[in-house]
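The values are calculated or read from the model by the stated rules, or taken from the named source; none is laboratory data. Nothing here was measured: the structure is a model prediction, and the numbers come from that model. Cβ sites come from the backbone with ideal geometry, for glycine too, and all protein chains shown count toward neighbours. Remember, those area values only see protein heavy atoms, side chains included, never the ligands or the DNA or RNA. Shrake-Rupley method; radii C 1.70, N 1.55, O 1.52, S 1.80 Å.
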Amino acid sequence: MGKPVYQKVRGMHDILPDASHRWEAVEAAYREVVGLYNYREIRNPLLEDTGLFQRSIGDDTDIVGKEMYSFTDAGGDELTLRPEGTAGVVRAYVEHSIAAVEAVTKCYYIGPMFRRERPQKGRYRQFHQAGAEIFGAPPPVVDAEQVVMLAEFLDRIGLGGAVVLFNHLGSGETRRRYRQLLSEHYGARRSELCTDCVRRLETNPLRLLDCKVESCAKMKGDAPKMREILDGADLSLLERFRSLLHAAGVEAREDDRLVRGLDYYTGIVYEVEVEAERGSVVVAGGGRYDDLVAGLGGSETPAAGFAIGLERVLDCLPESPPASVDLFVLVPSPEAEATAASLLLEARRAGLRADLDPRAGSMKAQMKRANKLGSAYVLILGQKELEAGTVAVKDMREGGQVDVDVAAAVKHVLERLGR
RNA sequence: GUGGAUGUAGCUCAGUGGCAGAGCACCGGGUUGUGGUCCCGGGGGUCGUGGGUUCAAAACCCAUCAUCCACCCCA
C-alpha cells in the first residue's frame, strides 16, 4: 500500500460508493415529496458575485464576515463559493424576470454549500443542502405548507416525530425596533455581560437572548419580549401558522429565543429538530424573507423558504446495505465468455442488476464474489452445460440449482424474482 | 477564531523506552466443477507528518496536519 500524496481538504468529504446509495435514497425521497407539492428544480451556479452574499445574507453575519470562500479570479471579478442556496435562487428569480411570467413560483434545489468553519460532527466546510423557495405568496399558508412538506420528507426517510421551533422576527420596522430595545436593555448593564455579549450588542442583539453565561442569562427575564413588540396582524399570523401545523399533525413550539443567522429573514422563522442517539439535532431551518427580492433589485415580492442539512439528516439515519445484485454469471473457462456476455446483456435489458467476476478466477473464487455482492441467482456456464446448451441456475438463498436452456435462463430468473 | 482529546493494518483497537500485535475485513487452500458456517495458510503498517531527546522512540518533548468534543455560529 502506498502512502497518499494528497488528502482531502479539511472539512470536505468523499462520498464513497459504499455510502452513496444512502444519499441517492434521501435525495430521491426529497424530489418525490417536493414534487407532490408542485415544486420544480432550479440549478444555480456554485459561484456567485461576492456582493450578492454580502447584500443578502448581511455584512455583519458570521457567514459573510469570516466563513466565505472568496477570491478574485484572473479577470479581477470578486467571486464566492455559495455558502447557502437562497441568495442564488433569488438572484436568478430577479435576473430572469420570473415574476413577470408567473405570479407564484415554487422551486427546490439540492447541492453543495461552502463555509469555512471549524469542522465537527454535522458541521462541514463543504456540506449539502436540499431547499425549497416560494415567491409571490404571503404568509402564513405557504409557510405552514413548507414546514409540513419538510416534515413529510423527514417522515418518509424514517425521521418521524420532528419538532418545529418557531418564532416571529417582526417585519421591517418592528424588527429594527426590537433589536434596538434589546440593545438598550442589555447595554444598560454592559459591565455584567460576558465578552461575547458585549460584542453582540453591536453585531446581533437578538443573540443576546441565547447566551448561556449565567450573568447574561439572568437578564433575559425582564428583557423586552418579541411578542410585546409584534402588532396584532403579526400575532394573528403566528397563530394561524401554529394552527395550520397543528392540523397537519406537526409538533410545533413557539421559541422566542429562536433567531436566524442570516439577515434576510423577516417574520416567521423556524428550525426543525429530530431526536438522534446523541441528542436532538437541528436538521433544517427556514423562514420568510419578504424584503430580499426587492433588496436585490426586484419588485416587492413576499417569499419564504427553508434548507435541510443533508449530512445532518444522514447522520441520524442508520447504516444500510447497498443494492444487491440480482444475477451473477459464473464463467469457468474462456469458451463460456461469449455466452456469458449475451446472457448478461439480456438480463440487463430486462432490468436486472447483473454482474460477473472480471478476474476470471476459480469457480470457488467467483462464487465467493457472487455471494459478497449479495446476488440472488447465479448462472453457471460450465463445460457440461455448454455442451448441452443449458446453464445451471443456482438459487443462492435456497442453495438449490436447476439446469435450464440457455435461451430460457434469464426468463427463468425473472420469474423466480417475480418480475 | 478559542480551549481540550485523539491519531498504530482497509475497519475497530491493544501495545508507556528494547524484534509492530489482535479481532473483523481481504486473498488463497481444505483433490476431480459451487458461495455463506468451520479449519488451515497468506498479503498488507517507514506506528498521521517533520524535527528533537536517547545506546535505543509507536511510546518522551516540540511543531505541523487531520478527526472528534466544547465555545462561537449554523444545515
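Modelled label-to-label distance, A:ARG227 and A:ASP256, 7 Å Cα→beta-carbon offset: nm?
0.6 nm
Do any trypsin sites (Lys or Arg not before Pro) in the range A:169-265 lie in a loop, going by DSSP, with at most 14 other beta-carbon atoms within 10 Å of their beta carbon, and if so which?
On the way: sites: A:ARG175, A:ARG176, A:ARG177, A:ARG179, A:ARG189, A:ARG190, A:ARG199, A:ARG200, A:ARG207, A:LYS212, A:LYS218, A:LYS220, A:LYS225, A:ARG227, A:ARG240, A:ARG242, A:ARG253, A:ARG257, A:ARG260; in loops: A:ARG189, A:LYS212, A:LYS220, A:LYS225, A:ARG257, A:ARG260.
Those satisfying the criteria are A:ARG189, A:LYS212, A:LYS225, A:ARG257.
Using only Cα atoms, tell me the angle between helix A:337-349 and the longest principal axis of chain A; keep it within 0 to 90° and round to the nearest 10.
Long axis of A:337-349 versus the principal axis of chain A: about 40 degrees.
Would you mind checking the tilt of helix A:17-36 against the longest principal axis of the Cα atoms of chain A, expressed as 0 to 90 degrees and rounded to 10?
For A:17-36 against chain A, the angle is about 60 degrees.
Roll a 1.4 Å probe over the protein chains and send me the accessible area per residue for the range A:327-417 in Å².
Computed with neighbouring chains in place, this is 56 Å² per residue.
With all pairs of different alpha carbon atoms counted, what Kirkwood hydrodynamic radius in Å does the range A:327-417 show?
After inverting the pairwise mean of 1/r, the radius is 12.7 Å.
For the pair A:ASN38 and A:ASP18, how long in nm is the line joining their label points, each one 7 Å along Cα→Cβ?
Those two pseudo-labels are separated by 4.6 nm.
What part of the accessible area of the range A:150-260, given as a whole %, is carbon or sulfur when the probe is 1.4 angstrom?
Exposed carbon and sulfur together represent 47 percent of the surface.
Please give the net charge around A:ALA137, taking every other residue with its beta carbon less than 11 angstrom from that of A:ALA137, where Lys and Arg add +1 and Asp and Glu add -1. If you can, show how the numbers build up before the last one.
Details: positive: A:LYS106, A:ARG288; negative: A:GLU133, A:ASP143, A:GLU145, A:ASP290.
Net of charged neighbours comes to -2.
Could you give the length gained by full extension between A:ALA407 and A:GLN7, i.e. 0.36 nm per residue of separation minus their alpha carbon distance, to one decimal place?
Taking A:ALA407 through A:GLN7 to full extension adds about 139.0 nm, to one decimal.
Multiply the residue separation of A:ARG397 and A:ARG189 by 0.36 nm, subtract the distance between their alpha-carbon atoms, and state the gained length in nm to one decimal.
Answer, rounded to one decimal: 67.6 nm.
Ranked highest first by average number of other Cβ atoms within 10 Å, how do A:49-58, A:318-327 line up?
A:49-58, A:318-327
Which order do A:HIS246, A:HIS412 take when ranked by solvent-accessible area (1.4 Å probe, heavy atoms of all protein chains), largest first? Each step should come with its number before you reach the end.
Values: A:HIS246 145, A:HIS412 45 Å².
Ranked from most to least accessible, the order is A:HIS246, A:HIS412.
So how much slack lies between A:GLN383 and A:SER324, counting 0.36 nm per residue of separation and subtracting their Cα-Cα distance, in nm?
Contour length minus the Cα-Cα distance gives 18.5 nm.
Of the listed peptides A:269-279, A:392-402, what is their order by residue-averaged count of other C-beta atoms within 10 Å, with the highest listed first?
Answer by packing, highest mean first, reads A:269-279, A:392-402.
Between the helical axis of A:173-187 and the dominant principal axis of chain A, each derived from Cα atoms, what acute angle in degrees is found, rounded to the nearest 10?
Approximately 70 degrees, to the nearest ten.
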